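Participant: Submitted below is the structure of interest, expressed as structure tokens.
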Amino acid sequence: MVSLWGALLWFVFPGRVWAAEPTPASNALAIDTIWTLLAAFLVFLMHAGFTMVESGFTQSKNTVNIIMKNLATIAIGVIVFFAVGFGIMFGPDVGGIIGTKGFWMENISDLDFGIPTLGFWLFQAVFAATSATIVSGAVAERFKFVAYCIFTVVMTAIIYPVVGHWVWGGGWLSRLGFIDFAGSTVVHSVGGWSALVGAYLVGARLGKYGKDGSVQVIPGHNIPLGALGVFILWFGWFGFNAGSTISGTSPEIVSIATTTLLAGAAGIVGVMLITTIKYSKPDPTLTLNGALAGLVGITAGTASVSPTGALIIGLAAGIIMVFAVEYFDRVAKIDDPVGAISVHGVCGAFGTLAVGLFATEGGLFYGGGISLLVVQLIGVIAVFAWSVFCSWIVFSIINAWVGLRVSPEEEMEGLDLGEHGLRAYGDFVFRSAIPGSSVQPATQEIRMAKPEIEVSR
């Protein structure tokens, strides 16, 4: 009689014929597959977190536009990655640069990822969309929706998959011994450096900088929404990092989950400490980004460092993020409403380099010398150059084709109406005062704290 467990295996792998009783190998395959799928579902949920963070940290008149961009990211991203990106990333290697097979998920019967190939594709597809959505926050509140959709196609078809091949698909960086376990560089820095180019080329939001160069506050409208988004992202990060084992039977998932938790917590503590020292009070929105900074920082070395190393990396990433936000906002004059460049680009690069210092096998602080650190540095520089070069070309073509930026009138009114014909909050925010009541008209955006540093203390 076929056991219940055997029936479950048949349900998960209907194309296979199972013995009446499961074997250790079939059990391991089932556990690994189910674990990877669960991790993929957690990473998918992170897109809700990104939507909430971006919406909360921007003005209410652009909320629908943020939602639409994040919906488009996951929809366009997974389709393009299915058609093109997966083959470039994981197909048979050519010169250490690019894959050449697996487009439209065809001719892949000889590829072995340890679990059914479609399960592996699903996990990687939600990663690809994550890299693209990082750009959304940095160019928020003035970027054309159609321009963003076009860039998402190129990002998930070429820019991200090529880097992924270099590191995870058997390319030249993996052969050098480059370590990026879950994507501090492959996912986050690619998105962060592309966001840097997009934010620079599209220019700052109207009113962000005065004629004298002064920095003006453009606060987010819903910090509780942004905070909920951060918690969802943190929760999803356990799937992001531990799921990258592609193995539910690996004991590594315990240490990976532990370093992920500790680094996120340390990022928060680091930001609270440094902002209290600098500004006399802990900054709430920077502290929220501190959790993400710590998580981005640990993602490369989550399987290579000790829990103590994770604490140090997360703490340092949070502090570095504060100074990076201040630099881009005040010095470089690059307007990034959600701090995406600092959190993902800068902290992703830092976390990747930190592997060369804190890896328990090969790290400088563990007697391994500088060889690993040099390899990590080569990878960071190469990915920076590739991401910036490709993004600059793509954004320039899009600008000549359809334009990057909405009109000043549309930006002032809000992209929700101009791009989508719908307000996010309707009467809730924009209703008139009731005659005879003490309620005043809600004629301005709700003013709250902002993700960039703007201190008038």
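Participant: Over 22 Å from Ala291 (Cα atoms), out of contact with any helix residue (DSSP H, G or I) (no Cβ under 6 Å at 6 or more places or on another chain), open to solvent by 40 Å² or more (accessible area, probe 1.4 Å) and hydrophobic (A, V, I, L, M, F, W, C): does that describe Leu377?
Facilitator: Against the criterion (over 22 Å from Ala291 (Cα atoms), out of contact with any helix residue (DSSP H, G or I) (no Cβ under 6 Å at 6 or more places or on another chain), open to solvent by 40 Å² or more (accessible area, probe 1.4 Å) and hydrophobic (A, V, I, L, M, F, W, C)), Leu377 qualifies.
Participant: If you don't mind, there's one more thing I want to ask. Looking at the stretch 97-111, can you tell me whether even one residue there is surrounded by 21 or more Cβ atoms within 10 Å (Cβ to Cβ), in a helix (DSSP H, G or I) and either of a type in the set (Phe, Trp, Tyr) or without any contact (Cβ under 8 Å) to a residue 60 or more places away in the chain (or both)?
Facilitator: no
Participant: Now a separate question. Please indicate, with yes or no, whether at least one residue in the stretch 325-347 is among the polar types (S, T, N, Q) and over 20 Å from Phe143 (Cα atoms).
Facilitator: No.
Participant: Pick from Ile246, Ile298, Ile319, Ile256: which is within 23 Å of the chain's Cα centre (by Cα) and at positive phi?
Facilitator: Ile246
Participant: Check off (1) out of contact with any strand residue (DSSP E or B) (no Cβ under 8 Å at 6 or more places or on another chain); (2) crowded, with 18+ Cβ neighbours inside 10 Å; (3) aromatic (Phe, Trp, Tyr); (4) over 30 Å from Gly290 (Cβ atoms) for Phe44 and give me the number that stays unchecked.
Facilitator: (4)
Participant: Also, quick follow-up: Among the residues that make up the stretch 60-72, is at least one of them in contact with a Cys (Cβ under 6 Å, 6 or more places away or on another chain), open to solvent by less than 50 Å² (accessible area, probe 1.4 Å) and not acidic (Asp, Glu)?
Facilitator: yes
Participant: In the stretch 215-234, is there at least one residue being closer than 22 Å to Lys101 by Cα and among the hydrophobic types (A, V, I, L, M, F, W, C)?
Facilitator: Checking the stretch 215-234: not a single residue is closer than 22 Å to Lys101 by Cα and among the hydrophobic types (A, V, I, L, M, F, W, C).
For every residue, the table says whether it meets (1) over 14 Å from the mean Cα position of the chain (by Cα); (2) over 21 Å from Ile76 (Cβ atoms).
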{"residue": "Leu111", "(1), (2)": "yes, yes"}
{"residue": "Ile115", "(1), (2)": "yes, yes"}
{"residue": "Phe123", "(1), (2)": "yes, no"}
{"residue": "Ala147", "(1), (2)": "yes, no"}
{"residue": "Thr152", "(1), (2)": "no, no"}
{"residue": "Gly164", "(1), (2)": "yes, no"}
{"residue": "Phe181", "(1), (2)": "yes, yes"}
{"residue": "Val186", "(1), (2)": "no, no"}
{"residue": "Gly198", "(1), (2)": "yes, no"}
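Participant: Say whether the condition of being surrounded by fewer than 20 Cβ atoms within 10 Å (Cβ to Cβ), touching a Gly at 6+ places or on another chain (Cβ under 9 Å), assigned to a helix (DSSP H, G or I) and without any contact (Cβ under 8 Å) to a residue 60 or more places away in the chain is met by at least one residue in the stretch 280-293.
Facilitator: There is no residue in the stretch 280-293 that is surrounded by fewer than 20 Cβ atoms within 10 Å (Cβ to Cβ), touching a Gly at 6+ places or on another chain (Cβ under 9 Å), assigned to a helix (DSSP H, G or I) and without any contact (Cβ under 8 Å) to a residue 60 or more places away in the chain.
Participant: Within the stretch 224-238, does at least one residue satisfy the condition of being among the small types (Gly, Ala, Ser) and surrounded by fewer than 21 Cβ atoms within 10 Å (Cβ to Cβ)?
Facilitator: Checked the stretch 224-238: at least one residue is among the small types (Gly, Ala, Ser) and surrounded by fewer than 21 Cβ atoms within 10 Å (Cβ to Cβ).
Participant: If I go through the stretch 328-376 residue by residue, how many of them are out of contact with any Ser or Thr (no Cβ under 8 Å at 6 or more places or on another chain), under 15 Å from Ala300 (Cβ atoms) and of a type in the set (S, T, N, Q)?
Facilitator: 0
The values are calculated or read from the model by the stated rules, or taken from the named source; none is laboratory data. This structure is a prediction, so every number in the text was calculated from the model and none was measured. Positions of Cβ are backbone-derived with ideal geometry, glycine not excepted, and every protein chain shown enters the neighbour counts. Quick note on the areas: whole protein, heavy atoms, side chains included, nothing else; ligands and nucleic acids left out. Shrake-Rupley method; radii C 1.70, N 1.55, O 1.52, S 1.80 Å.
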